[in-house]
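Down below is the structure, laid out as structure tokens.
The values are calculated or read from the model by the stated rules, or taken from the named source; none is laboratory data. This one's a predicted model, so the numbers in the text were calculated from it and none came from an experiment. Here the Cβ positions follow ideal geometry from the backbone for every residue, glycine too, while neighbour counts run over all protein chains shown.
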Amino acid sequence: MSNATLPAGARDPGYPTERENYLTNSSGILSWMFTLDHKRIGLMYLIGVMSAFAVGGLLALAIRLHLLDPNGWMFSGAEANNIYNQVFTLHGAIMVFLFIIPSIPAALGNFLVPVMLGAKDVGFPRLNLSSFYLWVFGALFFVTALFSSGLDTGWTFYTPYSTTTDTSVILATLGAFILGFSSIFTGLNFIVTINTMRPPGMTWFKMPLFLWATYATSIIQVLATPVLGITLLLLIAERTMHIGIFDPEFNGDPVTYQHFFWFYSHPAVYIMILPAFGIISELISVHSHKHIFGYRFIAYSSIAIALLGFLVWGHHMFTAGMSSLTTIVFSALTFTVSVPSAIKVFNWLATMYKGSISLTTPMCYAISFIFLFTIGGLTGLFLGTLATDLHLHDTYFVVAHFHYVMVGGTLIAFLGGVFHWWPKMVGKLYNETHGRIAALLVFLGFNGTFLPQFVLGSRGMPRRYATYDPEFAFLHQLSTFGALLLGVGLLYAFVVLMVSLVKGRRAPANPWGGVTLEWQCTSPPPYYNFERPPVVGDPYDFHNLEWDAENERYVTTEPERKLVPESTPEEVPVHAGGQK
Amino acid sequence: MATIDSVTTSTDAHADDSHGHDHDHPSWLAHHFDTPEQQFDSGKLGIWLFLVTEILFFSGMFCAYAIFRMLRPEVFEGCSQFLNTKLGAINTGVLLFSSLTMAWAVRCSQTEEHKKLVALIATTLSCAMVFLGVKSIEYSHKWGMGLLPPGSYFYSAANEHPTAQQLVEIHGFSESMAYFLTNSLYFICAPFALVAVAVLVWLIVAKVSGNAFQYACAKPLLVVALSFFGGVGLGMILESGGEHHEGEHVAAAGDHSDAEHGEHSGDDHGDSGHSHSIASDHSEASADEDGATMVESPLGDDYAAVKLLAENETNTGLKDLVAAERTQQSIATGKVLTDPAASDVGISTVESEVNTPRQAGVFFGIYYCMTGVHAIHILAGIGVLVWLLIRAVRQDFNRQYFGPVDYVGLYWHLVDLIWIYLFPLLYLIR
């Protein structure tokens, strides 16, 4: 073997046997459908959210293609505008409820949380499986809504339109209601798992930052999602029984709906972005091969964002007719959220500084994340400021800001995470070169799509319009071509992953040189994860890793321990009786 | 071993007697947990988190209540008079008692008193059923009177209990809907009756086939299923008593409604109360005061006695009291049902549009949402309690493994607690 170049104490878990491998230890469709293994559930979630993303992405392309021409290009006929309304609504609803919210926590989180904790499973495996099936049912409701009479309220279901339109609002809100429970159960499961199932030695501040981020996300999921649940339930009741809470026709108050909705949906954007922060913290540190800078600050800022995120929902409603005092308070509170976000960005940059950066595919995504999220975050300040928001409200500036945070942030981090943990999940290595090209295409396509939209918005192009003035045509076309490029890039990335399943090399246990516990078990992990609780150290201390060039993997080394030094030192200190 | 130690010391120090069983991994200990304490703590934290989500789930409705009470206090004041405080109070008592039996059941599961555990869970379940029975009387009574959310509100003081035909002709309901509204009690009772019959059949089959375990399960469950009808009976008795003062306005509205009143079939249990009140109060109530007199007096049930005493010419003090009462009532309740111009409850101006009966239904919209979601939680509680009952009959629980009883207990207390808030907010605050 090639271990001649390595220190004697090199440790590597090797490869799992067929019987151990969680993918192959039992077979048949039923063994997947009724599995309680968090890794299989995570993988099923991954397939699910990726399909949802594909549907939502195709709808997005349809939107962009329609906007290629000022009078609408894609859809034609008398119903063109109605179709457009349905397409953008379903794009939003599918992307938010079916993709972004479950993407990182449910798909990657399910796979990673117990492994990172060195635990055998999440706290409640059956609840975990049921939350996956709730997701499936929720998705079915959305699909049914799509094929019945569509949905044209926008993903926010604002009253009074949602109580009067004859599209299938009830199906879609029921779907979102069910998805909410899926999200609650996932969050609840993770909080319990992280609280009670940490291995010996893993104190709160020895947890990987991904777990901190997941924990913060779970707090929001548990605290905010029930409010969405009751809001949607009341909306359904309003539509069916006219209970007079939201519908002005029956003396209800539509702004109350907006308050209820955003009380969930603002924290929900932190459900979407916080786990992305967690992924980036892992990626930056591992691929810079350097201890994370400001561990405690990153950990605390996740919690701070989770808590502050509950106080700022009013900034979605500056033009809804709240009192000026309320708007000022919400505006001021909004700025407080930018502090912990900035803390994270600076800490990531400080981690990369003087690090030994490997420009791997995941790292490419991580670096694009920092760039895009910073733009997204900073443009948020303009929207949080009252005076500028009155101008920018409901324009493409909002669209661009939101997509810079959600696509440039969450989606890019999700892709980075998938590429980072892909070898661990499926046990195959993908082609690095093609992976990087895909990342570059995604980055270029994304900026091509959404950078022009900032300009469009500041020039007054309102969002959600099916047609527009010809003066906006150039920027809209630019955006459409960017979207096509983005689509190609994402497809490319998908193909890279799929090809790796067939032609990829077998992945070693630790291809990147990570120190968190998931790299200490085989790739893919055995169904029991760890036979005995693993040894826990600093999750970002890379000193004991050694690159094994022969097998292209990292191995854990132990510094050689000697009781007595073999050689006599040249100098003996004076207090030890030595003389110079 | 290190795991066990750290878990035991860091999280749970009281259950050290179970320490010796760590390595056995007994059947009730899930494979991914190292120790019973870890499993128990995980479950406990999980159920508390779940309760937090439940509270937040209800918080939306409490918020809506607060907002609309602030926006339309007069609607809330007027409409809450329609709720029967006696039924609410009985239900509160029933739920509080069920919480006691539930807490006791948790204790019994810890001390391994299996028979007592089954009995206590069955008692808790019976209380839940009684609660639902009383609730179904409340609901069906209001539905028949048209005290519904604004979309379908059709209450009119002149004709409190419209017939199905009137509902179709005047209020534009479909035939089937009108039939449902006038006979809603039967519709609510039907599924419970089916369940009771099914349990009875199960009991007989289990007895005949000699399956002792199923027989032991079915026996308490039959009691549980039947106690729903106990609740319905209790509700009927109390509702007819409660209609005593409501009867006043029926009389006030005129004798013409009395004829129709006899026809409605769903809940004519209050007839004796009506006829009595017609006799005593008709002379005093004037036709245009009907909205005012329907309100329950702050003096409560003593009011009738006070009025009886006030009929004596010499009793001037009580005469004045009754007169003041009437004036106060006509002012306090005018917003919903009388001419808004004449009323003043401290709010300087009231828009007259608010006072259409349809708008007054906002209160009932919130009332049905809050109590309805609460009732759904009771139903869910019944579901998990039945599961517990069966496991308790199987003697699944022991001093080391009583988590499920504990968790369900916590859930049940929360459901109880929410009712403790709903009762004053909806029934008592006026």
For residues in region A:176-193 being among the aliphatic types (A, V, I, L, M) and more than 10 Å from chain B (Cβ to nearest Cβ), which is farthest from residue A:340 (Cα to Cα)? A:178
Do the conditions hold for residue B:330, that is, is it in a helix (DSSP H, G or I), at pLDDT below 95 and over 23 Å from the mean Cα position of the chain (by Cα)? yes
Restricting to region B:43-61, give me the number of residues that are among the polar types (S, T, N, Q) and either buried (at least 21 other Cβ atoms within 10 Å of the Cβ) or not in a helix (DSSP H, G or I) (or both). 1
Out of A:94, A:29, A:63, sole residue that is free of Cβ contacts under 8 Å to residues at least 12 places away in the same chain and either surrounded by fewer than 19 Cβ atoms within 10 Å (Cβ to Cβ) or more than 22 Å from residue A:529 (Cβ to Cβ) (or both): A:29
Can residue B:95 be described as away from chain A (no Cβ under 14 Å) and either over 30 Å from residue B:402 (Cα atoms) or surrounded by fewer than 18 Cβ atoms within 10 Å (Cβ to Cβ) (or both)? no
Candidates A:294, A:321, A:309 - the one that is crowded, with 22+ Cβ neighbours inside 10 Å and out of contact with any Asp or Glu (no Cβ under 8 Å at 6 or more places or on another chain): A:309
Of residues in region A:122-144 being crowded, with 24+ Cβ neighbours inside 10 Å and assigned to a loop (DSSP other than H, G, I, E, B), the one farthest from the other protein chains (Cβ to nearest Cβ): A:122
What pairs come out if I take residues in region A:116-140 that are farther than 14 Å from residue B:39 by Cα and pair them with residues that are buried (at least 23 other Cβ atoms within 10 Å of the Cβ) and among the acidic types (Asp, Glu) whose C-beta lies under 7 Å away, six or more apart or interchain? A:116/A:518
Could you grab me the full set of residues in region A:205-221 that are away from every other protein chain (no Cβ under 12 Å), of a type in the set (A, V, I, L, M) and crowded, with 24+ Cβ neighbours inside 10 Å? A:209, A:211, A:213, A:216
Any residue that is crowded, with 16+ Cβ neighbours inside 10 Å and polar (S, T, N, Q) - is there at least one of those in region A:385-406? yes
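Among helices (runs of 4 or more DSSP H) lying entirely in region A:1-100, which contain 2 or more residues that are under 25 Å from residue A:184 (Cβ atoms) and within 23 Å of the chain's Cα centre (by Cα)?
Per the criteria, A:38-66, A:80-93.
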All but one of (1) more than 30 Å from residue A:547 (Cα to Cα); (2) free of Cβ contacts under 8 Å to residues at least 60 places away in the same chain; (3) among the hydroxyl-bearing types (Ser, Thr, Tyr) hold for residue A:492; state the number of the condition that does not hold. (1)
As an exercise: evaluate residue B:102 against (1) more than 17 Å from the chain's Cα centre (by Cα); (2) buried (at least 24 other Cβ atoms within 10 Å of the Cβ); (3) farther than 15 Å from residue B:419 by Cβ and give the number of the one condition it does not meet. (3)
Tell me yes or no: at least one residue of region A:374-392 is touching a residue at least 60 places away in the same chain (Cβ under 8 Å) and either in a loop (DSSP other than H, G, I, E, B) or under 30 Å from residue A:511 (Cβ atoms) (or both). no
Condition check for residue A:299: buried (at least 18 other Cβ atoms within 10 Å of the Cβ), under 24 Å from residue A:230 (Cβ atoms) and touching a residue at least 60 places away in the same chain (Cβ under 8 Å): no
State all residues of region A:222-248 that are over 19 Å from residue A:171 (Cβ atoms), in a helix (DSSP H, G or I) and facing another protein chain (nearest Cβ under 9 Å); if no residue qualifies, say none. A:222, A:223, A:224, A:225, A:226, A:227
Could you grab me the full set of residues in region B:107-117 that are part of a helix (DSSP H, G or I), touching a residue at least 24 places away in the same chain (Cβ under 8 Å) and surrounded by fewer than 23 Cβ atoms within 10 Å (Cβ to Cβ)? B:110, B:111, B:114
Could you tell me whether region A:249-266 includes any residue that is at negative phi, within 14 Å of the chain's Cα centre (by Cα) and either more than 13 Å from chain B (Cβ to nearest Cβ) or not basic (Lys, Arg) (or both)? no
Which members of region B:382-428 meet the condition of being surrounded by fewer than 22 Cβ atoms within 10 Å (Cβ to Cβ) and small (Gly, Ala, Ser)? B:383, B:403
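I'd like to verify a number: residues in region A:189-203 that are out of contact with any Phe, Trp or Tyr (no Cβ under 6 Å at 6 or more places or on another chain), in a helix (DSSP H, G or I) and in contact (Cβ under 8 Å) with a residue 24 or more places away in the chain, how many?
Step one: filter region A:189-203 for residues out of contact with any Phe, Trp or Tyr (no Cβ under 6 Å at 6 or more places or on another chain), giving A:190-193, A:195-203.
Narrowing further to those that are in a helix (DSSP H, G or I): A:190-193, A:195-196.
Right, trim to in contact (Cβ under 8 Å) with a residue 24 or more places away in the chain and you get A:190-193, A:196.
Count: 5.
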